[in-house]
Amino acid sequence: MLPNDDIRARLGLRPVINVSGTMTSLGASIVVPQAIETVASVLGQWTEMSDLQRTASRTIARLTGSEAGCVTASCSAGITLAVAAAMTGRDLAAIERLPDTSGLRNEVVVQAGHLVSYGAPIDQAIRLSGAKVVPVGQATSAYAYQLAGAITENTAAAVYVASHHVVEYGQIPLANFIATAHAKGVPVIVDAASEYDLTGFLAAGADVVLYSGHKFLGGPTSGIIAGSRALVRAAYLQNLGIGRGMKVGKEGIAGVIAALEAWENRDHAGIRARERKALDVWAKTLQGRPGIAARITPDPTGNPLDRLRIDIDPNIARITAWDLADRLAAGDPPIIVRDHEAEHNYLFLDPCNLHPDEEAVVARRVAEELDHAAAAPAPLVSSFAERAMRLEAGLLNWPD
Ligand SMILES: *Cc1c(COP(=O)(O)O)cnc(C)c1O
């Protein structure tokens, strides 16, 4: 896109380059052209929404192997609606009564190590439906016997989270989680918001799987609910109740259909090659720099996506990972890196959301900052604790 076509200037926004991943705070992802065209053409038309959702159901079923599917506002909304569906089924009176769950099974079992935040707490998305969260095991260890023991006659569903956010060891393997829940007649809902695998969770026996439409798929902001016909139908019917506040528009539904169709035809190998080229450019830029170790690292949950991990020894490089992240974010153009583990003095560059040629800009800016640190009169080493407090305080001042 040419700079003078850039809508961001008109909206008073900085022209950020995103090397942090698909981030809600940065607008999630670059929406694929097919979805942009579809959204633009549907916005000016009347659409019969239940028919549009029927079309979405068929597309979702084709891509995921589910019996049915529907679209909602977000994956987070999908968690709330799928849990509500497991509690109410098709009982419209119960649907209207939520979040009052009197008379319904209302407990949801989740491994403690899966009770994470994706920007909001996952347990809250469950509780929004009126359900009660029953944690299984401890943060870093959970066993099938603990899951079995937590299931009672009040259990409505078992939620499993597939994500880099969850504790990455000591959790119940998906197959055992599903087998244990199913042995007790409890449906399994998988939150797979960011997972590229559209078929594996249902093939493994999950009853419902949830995806974000706006992450790897490159759709507009939306959530996908895929699974058994009965549960998807019950989730859809929540639009007559708590789902109303999670409404998705015709642009979201039509856009996600287009994004799913584009995914089927996407040149996945070509995209990987482009991402690899960016990683190689960055690795080459960093090679031989004192106090810097860069290596290409696979995605922790097995998505077909590599990132460049940059480990920094601040005693030699004279800058910390968080100071480098902050200086890049404040620079021109602003570059947002993946810095959620920066306290360990490493950060990642994620190539999955680049516009053409942006990798060269990123390489240049990283090199400039490292050169600057090497030559600065004093090391660029700030307090991580103070930075954390500053970020927290900054949150509270919006819109100022
Ligand atoms: C992003 C994410 C969500 C939330 O998805 P939205 O579609 O943005 O609501 C939920 N769970 C996990 C694991 C995520 O990564």
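From the list Thr320, Thr285, Thr301, which one is hydroxyl-bearing (Ser, Thr, Tyr) and modelled with pLDDT under 95? Talk me through it step by step, then tell me what you get.
Values: Thr320 fails: modelled with pLDDT under 95; Thr285 fails: modelled with pLDDT under 95.
Of the residues listed, the single one that is hydroxyl-bearing (Ser, Thr, Tyr) and modelled with pLDDT under 95 is Thr301.
In the set Ala329, Ala293, which member is in contact with an Asp or Glu (Cβ under 7 Å, 6 or more places away or on another chain), among the hydrophobic types (A, V, I, L, M, F, W, C) and assigned by TED's automatic domain parsing to the domain that holds Arg276?
Result of the check over Ala329, Ala293: Ala293.
Taking only pairs six or more apart or across chains, which ones have beta-carbon atoms under 8 Å, a first residue in segment 19-45 that is under 19 Å from Ala193 (Cα atoms), and a second residue that is part of a helix (DSSP H, G or I) and within 16 Å of the ligand (Cβ to nearest atom)?
Ser20/Leu26; Val31/Gly255; Val31/Ala259; Val32/Ala259; Ala35/Gly255; Ala35/Val256; Ala35/Ala259
Can you tell me which residue in segment 305-333 is nearest to the chain's Cα centre (by Cα), limited to those that are in a loop (DSSP other than H, G, I, E, B) and surrounded by 15 or more Cβ atoms within 10 Å (Cβ to Cβ)?
Initial filter on segment 305-333 (in a loop (DSSP other than H, G, I, E, B)): 305, 313, 318, 320, 331-333.
Remaining after also requiring surrounded by 15 or more Cβ atoms within 10 Å (Cβ to Cβ): 305, 318, 320.
Working: Leu305: 14, Arg318: 34, Thr320: 27 Å.
Per the stated criteria, the residue is Leu305.
Which numbered condition in (1) assigned to a loop (DSSP other than H, G, I, E, B); (2) crowded, with 20+ Cβ neighbours inside 10 Å is the only one that Asp100 fails?
In the conditions (1) assigned to a loop (DSSP other than H, G, I, E, B); (2) crowded, with 20+ Cβ neighbours inside 10 Å, Asp100 misses (2) alone.
For segment 351-400, what are the residues that are aromatic (Phe, Trp, Tyr) and surrounded by 10 or more Cβ atoms within 10 Å (Cβ to Cβ)?
Quick first cut of segment 351-400, residues aromatic (Phe, Trp, Tyr) only: 384, 398.
Phe384 - this is the single residue of segment 351-400 that is aromatic (Phe, Trp, Tyr) and surrounded by 10 or more Cβ atoms within 10 Å (Cβ to Cβ).
Okay, residues lined up against (1) under 21 Å from Pro33 (Cβ atoms); (2) touching a residue at least 24 places away in the same chain (Cβ under 8 Å); (3) of a type in the set (Lys, Arg):
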| site | (1), (2), (3) |
| --- | --- |
| Glu261 | yes, yes, no |
| His268 | yes, yes, no |
| Ala278 | yes, yes, no |
| Ala283 | no, yes, no |
| Ala293 | no, no, no |
| Ile296 | no, no, no |
| Arg307 | no, yes, yes |
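Residues are listed down the side, and each one gets a yes or a no for (1) assigned by TED's automatic domain parsing to the domain that holds Ala230; (2) in contact with a strand residue (DSSP E or B) (Cβ under 6 Å, 6 or more places away or on another chain); (3) more than 17 Å from Val208 (Cβ to Cβ); (4) not polar (S, T, N, Q):
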{"position": "Gly89", "(1), (2), (3), (4)": "yes, no, no, yes"}
{"position": "Ala93", "(1), (2), (3), (4)": "yes, no, yes, yes"}
{"position": "Ile122", "(1), (2), (3), (4)": "yes, no, no, yes"}
{"position": "Ile126", "(1), (2), (3), (4)": "yes, yes, no, yes"}
{"position": "Ser129", "(1), (2), (3), (4)": "yes, no, no, no"}
{"position": "Val134", "(1), (2), (3), (4)": "yes, yes, yes, yes"}
{"position": "Tyr160", "(1), (2), (3), (4)": "yes, yes, no, yes"}
{"position": "Ser163", "(1), (2), (3), (4)": "yes, no, no, no"}
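Residue check, Ser50 against (1) of a type outside the set (D, E, K, R); (2) buried (at least 20 other Cβ atoms within 10 Å of the Cβ); (3) not in a loop (DSSP other than H, G, I, E, B), all met but one. Which one?
(2)
Is it true that some residue in segment 186-198 is touching a strand residue (DSSP E or B) at 6+ places or on another chain (Cβ under 9 Å), among the acidic types (Asp, Glu) and closer than 18 Å to Val116 by Cβ?
Yes, there is a match, as at least one residue in segment 186-198 is touching a strand residue (DSSP E or B) at 6+ places or on another chain (Cβ under 9 Å), among the acidic types (Asp, Glu) and closer than 18 Å to Val116 by Cβ.
If you check every pair at least six apart or on different chains, which have Cβ atoms under 6 Å apart with a residue in segment 375-393 that is under 13 Å from Pro314 (Cα atoms) first and a residue that is modelled with pLDDT of 95 or more and aromatic (Phe, Trp, Tyr) second?
As it stands, the answer is Phe384/Trp322, since those pairs meet every condition given.
Would you mind telling me which numbered condition in (1) under 27 Å from Asp299 (Cα atoms); (2) away from the ligand (no atom under 16 Å from the Cβ) Ser117 fails?
With (1) under 27 Å from Asp299 (Cα atoms); (2) away from the ligand (no atom under 16 Å from the Cβ) applied to Ser117, the lone miss is (2).
Might you check whether a residue that is in the same structural domain as Ser74 (by TED's automatic domain parsing), in a loop (DSSP other than H, G, I, E, B), touching a Leu at 6+ places or on another chain (Cβ under 9 Å) and surrounded by fewer than 21 Cβ atoms within 10 Å (Cβ to Cβ) occurs anywhere in segment 239-252?
Looking only at segment 239-252, we keep the residues that are in the same structural domain as Ser74 (by TED's automatic domain parsing), and these are 239-252.
Still in the list and also in a loop (DSSP other than H, G, I, E, B): 241, 247-249.
Now narrow it down to the ones that are touching a Leu at 6+ places or on another chain (Cβ under 9 Å): 241, 249.
Within this subset, residues satisfying the condition of being surrounded by fewer than 21 Cβ atoms within 10 Å (Cβ to Cβ) are 241, 249.
Checked segment 239-252: at least one residue is in the same structural domain as Ser74 (by TED's automatic domain parsing), in a loop (DSSP other than H, G, I, E, B), touching a Leu at 6+ places or on another chain (Cβ under 9 Å) and surrounded by fewer than 21 Cβ atoms within 10 Å (Cβ to Cβ).
Quick check on segment 26-47: of everything there that is hydroxyl-bearing (Ser, Thr, Tyr) and not in a helix (DSSP H, G or I), which residue is farthest from the chain's Cα centre (by Cα)?
Kept after step one, since they are hydroxyl-bearing (Ser, Thr, Tyr), are these residues of segment 26-47: 29, 38, 41, 47.
From what is left, the residues that are not in a helix (DSSP H, G or I) are 29, 47.
Details: Ser29: 10, Thr47: 29 Å.
The residue in question is Thr47.
Scan the helices (runs of 4 or more DSSP H) fully inside segment 122-233 and keep the ones with 1 or more residues being crowded, with 17+ Cβ neighbours inside 10 Å and within 16 Å of the ligand (Cβ to nearest atom).
Numbers: elements: 122-127, 144-150, 174-183, 200-203.
Answer list for segment 122-233: 122-127, 174-183, 200-203.
How many of the residues in segment 54-96 are assigned to a helix (DSSP H, G or I), within 24 Å of the chain's Cα centre (by Cα), surrounded by 22 or more Cβ atoms within 10 Å (Cβ to Cβ) and not β-branched (Val, Ile, Thr)?
11
The values are calculated or read from the model by the stated rules, or taken from the named source; none is laboratory data. Just so it is clear, the model here is predicted, and its values are computed rather than measured. For neighbour counting, all protein chains shown are included, and Cβ atoms are generated from backbone atoms with ideal geometry for every residue, glycine included.
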